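Working notes, beginning with the structure itself.
The values are calculated or read from the model by the stated rules, or taken from the named source; none is laboratory data. Because the structure is predicted, anything quoted here is derived from the model rather than measured. FYI the Cβ positions are ideal-geometry reconstructions off the backbone, even for glycines, and counts take in every protein chain you see.
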Amino acid sequence: MKTYSQNREVQTINEVTSWTLPSLNDILTLPIDELLRRLRTSLSGLSSEEVEERLKVFGYNELEKRQRRTALVEFLLHFKSPLLVILLMAGLISSFFGEIINATIIFSIVFASVFLDFYQESKAEKAAEMLKQRVAVTATVLRDGVKREVRVSEVVPGDVIYLSAGDVVPADARIINAKDLFVDQSALTGESFPVEKTATQLKSYSSSITEWSNYIFMGTSVVSGSATAVVVRTGSSTEYGKIARRLVAREPETEFQRGIRSFGYMIMQVTFFLVLFVFFINALYMRSILESFLFAVALAVGLTPGLLPMIVSVNLSKGAVFMAKKGVIVKRLAAIQNFGSMDVLCMDKTGTLTENRIKLLLYVDINGEKSDKVLLYSYLNSYYQTGLKSPLDEAILKFEEIDVKDYRKIDEVPFDFIRRRLSIVVENQNQRFMATKGAPEEIAKICSYCETGSTIVDITDETRRKIEQRYVELSGEGYRVLAVAYKRLREDKPVYTAGDENEMVFLGFLAFLDPPKETAKESLKLLKNAGIELKILTGDNELVTRKVCEYLGFEIKGIITESEIAQMHDDSLERVVEEVNVFCRVTPVQKDRIINALKSNGHIVGFLGDGINDAPSLKSADVGISVENAVDVAKESADIVLSRTDLTVLYDGVLEGRKTLGNTMKYIMMGVSSNFGNMFSVAGASLFLPFLPMLPIQILLNNLLYDLSQSTIPTDEVDQEYIEKPKRWDIQFI
């Protein structure tokens, strides 16, 4: 008898590399048999030999890692500041000419500045690692015709995988068959509710991943049901992996860092020409060449605000401490100035402005009146159903605890995707009832009667129109809507089926929403008054987003969707982002495009997000802000994390950021004006005096003592008018 592997033709590595993986369009739209053929696999899965060959071609199913610099390299990179380059050159020159005391003072300034700067900025980049940890450790696959558990890293394109409730999807895959499958992909797409997935091939390709109903994504989780799927993308080729690739990029330089660097180059140029001028003038006066040169070098040091990197770091550190007291945790010190300078804040909706928790908000009859009977029968249905409860069931049960001990469960007719409803049979005081909830259109089909108040009437065409109208109104307001029906059972049976779901009484509707956080409305108002323009970027649909904006009192100036953005060139998008403040169904890549368009227009852009799909935007923004209950990836990608659910801490943090920026600019103004005034005076005096006005060591000590005296500036007060509106770094004022 031949073994499974003997029945399959084992591909060599040359054969594997002779074909490429199908395009996304083909993956989504081809019949499953044709897709399996293109993937060179079958419903029986791959053999062990085929897996080995594919691992050589496609690599392991792992996310890209960032190549980290060693601590020594990170430390040495802190010496690249133009200001420190001036000091290092001055120190080396002093050492060369035997001025050990001068050199010691200069090197002390340099190393004190670098060490403190390195200490404050030192932190590990963990975002890609957090993404890796989120992915499942093992996966159930079909290998050599047998189900087995394998390491996720060994999953390859063409593998047939099995999924059930609670599983984390190990790779991007096309569904072969599914039963009652709901997947939570909110962290990837921003959708509020678990998404129904089926094996049905799509008629056409859509660029929006939220429309890929037959496709499951690495890192998402199965809420309910089960499925068999074929792996089509692994590792960095998955949607998840694309995000990870962008997270390993080095953090962009902030505007303030660019400003400090430009300031350093300006000081370097001024110093160079001044030193040459003073040296040659003193040489013309026939003074000692060595003495003149050392005097010029001392002037260079005196002109340089040598402790600027250290003062900036101390200022940022103290600002971070003050912000921490307000519930704002600063992970990247350099982002504090951008936090204060921020004039546009882009916000994800789900989990940041909203609670990321589905709540039951309405239970009404067809007239829109509150109905306790709708709540009771929906509670019985959710309470007694078996299996993993959906977020909607959890929302019903958490809304109000109802005593149902007098009701005894008799039977259950489970949910399926054809009927799209679930029924529970219960008995109370020797009377049996069937309580059914599900999709409104499916519930309406099995109802012959309708109850309003205490009156039960036959359902007429007019009543059906009224039911449909109420459903459309609730859906149009952004609610997720279920319908509830019941009937008294006249015949006692041990088992009930879908055939018993007939001639039921339509009770009404349940309306669900992921509601805004209590403090969100007040926070947005405070931020707007602080001169910050607000924009919402969400993966959710337009109806839900409009409803949340209504709750928040957020004025919609313009709204645009993913499909419209996909057709825009960057120059068109740069114009549109100034006019529109709500973006719906946007992908992670499009969020990035929107942020970069705003940055191209000269804005300092902040981004507030909490999901995996927000991680690239958190990295791209001038200041990335996340919340305490965000996924680990988002928190690690962010520059700032809000440690409280109260969003007003965001406003408090902005004010502290502006104070920190103000005190930093105060030091630069004082240091530059003092140093330039002193050194130009000394340089000028040297032209007319027959001796040097100050010895090099006196200049160095004066500069060091003055800088140290300014170390208290971070605790200084800032004028109220300075923090009322965003302020930008501007080298022109110097």
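One residue stands out among those in region 589-618 that are without any contact (Cβ under 8 Å) to a residue 40 or more places away in the chain and touching a strand residue (DSSP E or B) at 6+ places or on another chain (Cβ under 7 Å): the one that is surrounded by the fewest Cβ atoms within 10 Å (Cβ to Cβ), which is LYS599.
Considering region 485-499, and only residues there that are within 23 Å of THR452 (Cα to Cα) and among the hydrophobic types (A, V, I, L, M, F, W, C), the residue that is modelled with the lowest pLDDT turns out to be LEU489.
Which of the helices (runs of 4 or more DSSP H) found entirely inside region 236-352 contain at least 2 residues meeting this: among the β-branched types (Val, Ile, Thr) and at pLDDT 70 or above?
Values: elements: 239-247, 255-284, 289-303, 308-325, 335-341.
Here the list reads 255-284, 289-303, 308-325.
Per-residue answers, yes or no, for (1) over 17 Å from GLY241 (Cβ atoms); (2) modelled with pLDDT under 90; (3) part of a helix (DSSP H, G or I):
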{"residue": "ASN14", "(1), (2), (3)": "yes, yes, yes"}
{"residue": "TRP19", "(1), (2), (3)": "yes, yes, no"}
{"residue": "ASP26", "(1), (2), (3)": "yes, no, yes"}
{"residue": "ASP33", "(1), (2), (3)": "yes, no, yes"}
{"residue": "ARG40", "(1), (2), (3)": "yes, no, no"}
{"residue": "LEU43", "(1), (2), (3)": "yes, no, no"}
{"residue": "VAL51", "(1), (2), (3)": "yes, no, yes"}
{"residue": "GLU64", "(1), (2), (3)": "no, yes, no"}
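Scanning region 468-482 for residues that are outside any loop (DSSP other than H, G, I, E, B) and among the charged types (D, E, K, R) returns GLU468, ARG470, GLU473, ARG480.
Has region 500-507 got at least one residue that is modelled with pLDDT under 95 and either part of a strand (DSSP E or B) or within 42 Å of the chain's Cα centre (by Cα) (or both)? Taking every residue of region 500-507 in turn, none turns out to be modelled with pLDDT under 95 and either part of a strand (DSSP E or B) or within 42 Å of the chain's Cα centre (by Cα) (or both). Scanning region 562-588 for residues that are in a helix (DSSP H, G or I) and either surrounded by 19 or more Cβ atoms within 10 Å (Cβ to Cβ) or among the aromatic types (Phe, Trp, Tyr) (or both) yields GLU562, ILE565, LEU573, PRO588.
What about LYS591, is it closer than 25 Å to ALA324 by Cβ and touching an Asp or Glu at 6+ places or on another chain (Cβ under 9 Å)? Walk me through how you get there before you give the answer.
On the way: closer than 25 Å to ALA324 by Cβ: no; touching an Asp or Glu at 6+ places or on another chain (Cβ under 9 Å): yes.
Against the criterion (closer than 25 Å to ALA324 by Cβ and touching an Asp or Glu at 6+ places or on another chain (Cβ under 9 Å)), LYS591 does not qualify.
Which residues, counting only those in region 179-207, are in a loop (DSSP other than H, G, I, E, B) and within 21 Å of LEU35 (Cα to Cα)? Give the steps one after another, and end with the answer.
Narrowing region 179-207 to residues in a loop (DSSP other than H, G, I, E, B): 185, 190-194, 197-207.
Selection gives LYS197, THR198, ALA199, THR200, GLN201, LEU202, LYS203, SER204, TYR205, SER206, SER207.
State which residue is surrounded by the fewest Cβ atoms within 10 Å (Cβ to Cβ) when the search covers only region 619-642 and only residues that are modelled with pLDDT under 80 and outside any helix (DSSP H, G or I). Quick ask: steps written out before the conclusion?
Of region 619-642, the ones modelled with pLDDT under 80 are 628-637.
Remaining after also requiring outside any helix (DSSP H, G or I): 628-631.
Details: GLU628: 13, ASN629: 15, ALA630: 28, VAL631: 24.
Residue satisfying both the conditions and the ranking: GLU628.
Report yes if VAL495 is in contact (Cβ under 8 Å) with a residue 60 or more places away in the chain, loosely packed, with under 11 Cβ neighbours inside 10 Å and out of contact with any Pro (no Cβ under 7 Å at 6 or more places or on another chain), otherwise no. It would help to see each step written out before you state the result.
Working: in contact (Cβ under 8 Å) with a residue 60 or more places away in the chain: yes; loosely packed, with under 11 Cβ neighbours inside 10 Å: yes; out of contact with any Pro (no Cβ under 7 Å at 6 or more places or on another chain): yes.
Yes.
Considering region 157-178, and only residues there that are part of a strand (DSSP E or B) and hydrophobic (A, V, I, L, M, F, W, C), the residue that is surrounded by the most Cβ atoms within 10 Å (Cβ to Cβ) turns out to be ALA173. Within the span defined as region 377-384, every residue fails to be crowded, with 20+ Cβ neighbours inside 10 Å, in contact with a Ser or Thr (Cβ under 6 Å, 6 or more places away or on another chain) and small (Gly, Ala, Ser). The single condition from (1) of a type in the set (D, E, K, R); (2) surrounded by fewer than 21 Cβ atoms within 10 Å (Cβ to Cβ); (3) at pLDDT below 85 that ARG546 fails is (3).
Within region 192-220, the residues that satisfy the criterion of being of a type outside the set (S, T, N, Q), surrounded by fewer than 24 Cβ atoms within 10 Å (Cβ to Cβ) and under 19 Å from the mean Cα position of the chain (by Cα) are PHE193, PRO194, ILE209, PHE217. Under the condition of being farther than 30 Å from ILE532 by Cβ and either basic (Lys, Arg) or surrounded by 16 or more Cβ atoms within 10 Å (Cβ to Cβ) (or both), the residues counted in region 694-727 number 10.
Within region 146-180, the residues that satisfy the criterion of being among the small types (Gly, Ala, Ser) and closer than 17 Å to SER221 by Cα are SER164, ALA165, GLY166, ALA171, ALA173, ALA178.
Please tell me if PHE676 is aromatic (Phe, Trp, Tyr) and out of contact with any Gly (no Cβ under 7 Å at 6 or more places or on another chain). For PHE676, the condition - aromatic (Phe, Trp, Tyr) and out of contact with any Gly (no Cβ under 7 Å at 6 or more places or on another chain) - is met.
Residue count for region 531-554, restricted to those that are assigned to a helix (DSSP H, G or I) and over 24 Å from LYS725 (Cα atoms): 10. Scan region 435-467 for residues that are in a strand (DSSP E or B) and of a type in the set (Ser, Thr, Tyr) and the total you get is 5. Listed conditions (1) over 30 Å from ASP458 (Cβ atoms); (2) more than 21 Å from the chain's Cα centre (by Cα); (3) not aromatic (Phe, Trp, Tyr) are all met by ASN356, apart from (2).
Based on this model, can you work out whether VAL505 counts as among the aliphatic types (A, V, I, L, M) and in contact (Cβ under 8 Å) with a residue 40 or more places away in the chain? Considered against the rule, which asks whether it is among the aliphatic types (A, V, I, L, M) and in contact (Cβ under 8 Å) with a residue 40 or more places away in the chain, VAL505 comes out as yes.
Considering PHE182, PHE217, PHE193, the condition of being aromatic (Phe, Trp, Tyr) and modelled with pLDDT of 90 or more is satisfied by PHE217 alone.
For region 381-418, taking the residues that are of a type in the set (Phe, Trp, Tyr) and part of a loop (DSSP other than H, G, I, E, B), the one that is farthest from ASN177 (Cα to Cα) is identified as TYR407.
Residues in region 443-471 that are surrounded by 15 or more Cβ atoms within 10 Å (Cβ to Cβ), under 19 Å from LEU375 (Cα atoms) and not hydrophobic (A, V, I, L, M, F, W, C): TYR449, GLU451, THR452, ARG470, TYR471. For region 382-409, residues that are polar (S, T, N, Q), within 22 Å of ALA511 (Cβ to Cβ) and more than 28 Å from the chain's Cα centre (by Cα) total 2. Take LEU422 and decide whether it is assigned to a helix (DSSP H, G or I) and of a type outside the set (Val, Ile, Thr). No: the conditions fail for LEU422.
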